[in-house]
Amino acid sequence: MISKAIQSNNKTAIIPFITCGYPDLENFVDLLISLENSGSNVIEIGMPNSDPLAEGLTIQYSSTVALNNGVNTKVCLQTVKKAREKGLKIPVVLMGYYNNVIAYDIEKFCVEAKECGVNGLIIADLPVFESKILVDYLNKYEISYIPLLSVNSSKSVIEEACKLASGYVYCISVLGVTGERKVVFDRVKILAEQVKAKTSVPVAVGFGVSNKSDVKEIGKFADGAIVGSALINKIRETKDDNIVDVAGKFISSLI
């Protein structure tokens with residue numbers, strides 16, 4: 001389902017990332033619907049964590065706000081369910097850290113994720129060679145495993161990730177943490193080409209993606225662009241309560 005959504009047209013797929021419950025739970029489902037209506041192909045929803053190792057200041061901030069709003073793993077799952085009940089149709093990928101899943105119980109998490117309408121999972125701190133237990137459960141419940149690869153990933157890591165991946169492979173464009181910045185895409189282009197030589201699963205590029213120009217550049221060598229910090233910053237800069245419209249217009253500006 002995820003692969004098809006990414007490859008459904010000739011344009012670069014837009015994959016926004018937003019932390020669950022940011023900036024509040026009251027409007028979050030409407031925010032997801034707005035992201036879909038504005039042209040998103042897939043939505044990544046972050047499960048907030050008190051120690052988000054891969055995240056820069058922007059997503060750290062959104063995670064802290066979400067935790068203060070009472071968001072936990074259970075709330076993330078239930079929020080996806082509410083969004084499905086309200087009409088959200090595009091694939092949803094949860095993104096978090098392994099302790100989110102282990103503390104919940106791996107199989108229980110996968111069962112409830114499937115029931116709530118989750119289509120894929122990204123675990124930022126789980127190396128691919130240590131992911132077999134999780135991947136087996138994900139396969140059992142027909143949830144896509146989406147590995148992360150960086151521009152300095154070894155050949156063996158790339159090969160293993162491509163064997164396990166379904167949905168898409170997440171290629172990180174820069175060394176370091178998430179955040180808006182000027183990105184030179186030469187190295188991640190090489191990574192994307194290595195991945196495409198090993199699998200037919202789509203390739204999506206994230207970290208540092210901020211605008212339509214970045215999306216256009218990524219579209220030359222990859223199937224999708226992941227936009228997180230730039231979206232969260234747009235919402236954070238909004239001075240009124242019109243966050244749903246602001247988020248939607250930002251996504252529309254990328255297409």
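The values are calculated or read from the model by the stated rules, or taken from the named source; none is laboratory data. Values in this document were obtained by computation on a predicted structure and should not be read as measured data. Cβ placement follows ideal geometry from the backbone for every residue including glycine, while neighbour counts extend to all protein chains displayed.
Please tell me if Ser153 is part of a loop (DSSP other than H, G, I, E, B), of a type in the set (Ser, Thr, Tyr) and over 17 Å from Met1 (Cβ atoms). Judged against the criteria, Ser153 is a match.
You will find that of Ile59, Ile133, Ile122, the residue that is touching a residue at least 24 places away in the same chain (Cβ under 8 Å), in a helix (DSSP H, G or I) and buried (at least 19 other Cβ atoms within 10 Å of the Cβ) is Ile59 and no other. Taken as a whole, the condition of being over 16 Å from the mean Cα position of the chain (by Cα) and at pLDDT 95 or above applies to Lys198. One residue stands out among those in segment 241-250 that are within 14 Å of Leu35 (Cα to Cα) and surrounded by fewer than 23 Cβ atoms within 10 Å (Cβ to Cβ): the one that is farthest from the chain's Cα centre (by Cα), which is Asn242.
Look through segment 214-240, keep the residues that are among the small types (Gly, Ala, Ser) and touching a residue at least 60 places away in the same chain (Cβ under 8 Å), and return whichever of them is surrounded by the most Cβ atoms within 10 Å (Cβ to Cβ). Checking each candidate, the answer is Ala222. Restricting attention to segment 99-125, the residues being within 30 Å of Ile190 (Cα to Cα) and at pLDDT 95 or above number 5. Looking at segment 130-162, which of its residues are within 20 Å of the chain's Cα centre (by Cα) and either modelled with pLDDT under 95 or among the polar types (S, T, N, Q) (or both)? If the condition is that a residue be within 20 Å of the chain's Cα centre (by Cα) and either modelled with pLDDT under 95 or among the polar types (S, T, N, Q) (or both), then Ser131, Asn139, Ser144, Ser150, Val151, Ser153 are the ones that fit. Among the residues of segment 25-56, those that are of a type outside the set (A, V, I, L, M) and either at pLDDT 95 or above or in a strand (DSSP E or B) (or both) comprise Phe28, Asp30, Ser34, Glu36, Asn37, Ser38, Gly39, Ser40, Asn41, Glu44, Gly46.
Of the residues making up segment 71-126, just one is among the hydroxyl-bearing types (Ser, Thr, Tyr) and within 14 Å of the chain's Cα centre (by Cα), namely Tyr97. Within segment 1-17, being touching a residue at least 60 places away in the same chain (Cβ under 8 Å) and either of a type in the set (Gly, Ala, Ser) or over 16 Å from Tyr170 (Cβ atoms) (or both) holds for Met1, Ser3, Ala5, Lys11, Ala13.
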